[in-house]
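First up is the structure itself, then whatever we jot down about it.
None of the figures in this text is laboratory data; all of them are computed from the coordinates on show. The structure displayed is predicted, hence computed values, not measured ones. Note that we place each Cβ from the backbone using ideal geometry, even for glycine, and neighbour counts take in every protein chain shown.
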Amino acid sequence: MNKLPKISIVTPSFNLGKYIEETISSVLSQNYDNFEYFVIDGGSTDNTLSVLTKYENQPKYKSKFTWVSEKDNGQTDAVNKGLRMCSGDWFSFLNADDYYEPNIFNRLANEMSLNIDKGVIYGNCWNRFEGLSNEYNFLSIPSEKISPKQWSKGNYIYGPASFYNMKAIKSVGEFDVKLHHWMDYDMYARISKQMEMKYINMNIANFRIVKDQKSPFDPALRHSKANKFFIFEAYLVSRRNNGKRFSSLWLQKFWIYREYLYLFAKLKNIIYHRENKIEIAINKQNLR
């Protein structure tokens, strides 16, 4: 009988103490023995460290749970730092406000054993909206087959519901620290050029969508600076992976430029009319 694969999980963290306990619990409560878990904290100043200490002091987790808290260069840097500490066969990173479905590692391990030649295995992910202008939950079910060409058009997989074969990561290298939103999209595209990816029909994880998160999924933030940068970066990753210059991502990018031009024109118009009103008022004053 083949030994079940070792699963390595990394959670990058910074001041998400209100969510991180559910994240940690969703990993450590899995009914699977062969896994390791690292929380890489960027020097949080909220209650994060007290939560980490709470789990560190429980004897049953000592051999599985490790954490560090020190200044880093952001989420991608933290993921890479944790990745270097891992010794598993498969790897995933789970953000500090997301969480796994109960008892999912056992089912995943069987799929991992059957797909050792695959670069990534991925499944379904719940979107959990909390405290937003448009609050609802839905299940995201990705395509069963995603070709390298499709990766040039955008991302199709939710990070929390994907697991990377360590052999694939060693082959293509670490996550790109220059990317702040789409480091996983970039990694999928790079791996897909060398190895196949496998969809498994399982509800694996929960992607929490809240106001204070980095990725601006709140409909109220559609015109925010964060959303504009979010789309710009997706377009850059697409182009890096042979994406067309005039793609659907380009259209979103173009629309952002169009909004900037509109706002600039509107501002010029406001300034012009204000200056015109001032000039008229001065002329009237002189006539008196």
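Worth a mention:
- Rg and Dmax of segment 36-85, based on Cα coordinates, read 11.1, 32 Å.
- Protection-proxy order for peptides 3-11, 157-165, 191-199, 143-151, each taking the mean of Cβ atoms within 10 Å per residue, highest first: 157-165, 3-11, 191-199, 143-151
- Distant-in-sequence amide H partners of ASP46 (H built 1.01 Å from N, under 5 Å): ASN15
- Gyration tensor (alpha-carbon) shape descriptor, segment 7-225, a/c threshold 1.5: rounded
- Cα-based Kirkwood hydrodynamic radius, segment 1-135, one decimal, Å: 15.7 Å
- Amide H contacts under 5 Å for THR11, placed H, 5+ residues apart: PHE38, VAL39, ILE40, LEU94
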